[in-house]
Each structure stands twice: as structure tokens, then as C-alpha cells.
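> What follows is a structure written as C-alpha cells; I'll ask about it next.
Rule-based calculations on the coordinates, nothing more; no lab input. This one's a predicted model, so the numbers in the text were calculated from it and none came from an experiment. FYI the Cβ positions are ideal-geometry reconstructions off the backbone, even for glycines, and counts take in every protein chain you see.
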Amino acid sequence: MTTIICRCEDLTEEEIVEAITEGYTTLEELKRKLRLGMGPCQGRTCIPLVMRLLAKHTGVPLGEIEIPVTHPPVVPVSLGTLASDDDEK
């Protein structure tokens with residue numbers, strides 16, 4: 001049975017464990033390799049699950065695993081601006 005860990009990016013437990021065994025041993029590295037936590041939920045459901053997998057497969061205590069930094073837009077941008085066809089800057 002396949003266990004989906006990140007529903008937004010459709011990542012399975014097996015894919016994440018494989019990346020950990022390849023040497024990606026931090027959440028930031030996994031995020032960059034697999035796009036983990038970069039979907040619409042921004043990791044709200046998958047990051048805690050992946051933290052447990054990291055602790056289990058690396059031996060690093062759960063409390064010592066660093067959570068990736070989020071980078072929200074500096075200035076709020078309306079969806080209308082993003083969807084506009086205008087070439088104005």
C-alpha cells in the first residue's frame with residue numbers, strides 16, 4: 001500500500017524515504033528536491049509527517065529538525081494584477 005505524505009505535490013512515503021537515503025537529510029533539502037511543502041497548503045499537513053520520517057531515518061531528535069523558512073510576498077499583490085494582460089509596470 002502506498003502512503004501519500006504530501007497531497008499537494010503527490011509525494012509518497014517511499015519517495016521521501018528514498019530521498020533521505022540519497023543524502024537529503026534536512027527539510028530544506030527535501031523541499032528543494034521534491035517541492036515538499038510548496039503546494040497550496042504550504043506544508044501544513046506534510047511537514048509534520050516528514051519531520052517524523054526524518055527523525056526516524058536519520059536519528060536526529062524531532063525537536064532538533066529545523067522547519068524551512070517561508071517567504072511570503074513582501075508587498076501584497078492582488079489576484080487581478082497577477083491575472084492582468086496589461087503590459088504596464
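> Please return the ranges of helices (runs of 4 or more DSSP H) entirely within segment 5-89 where 2 or more residues are of a type in the set (K, R).
Output list reads 27-34, 46-58.
> Looking only at segment 25-67, filter to residues that are within 14 Å of T12 (Cα to Cα) and of a type in the set (V, I, T); which one of those is surrounded by the most Cβ atoms within 10 Å (Cβ to Cβ)?
Here the answer is V50.
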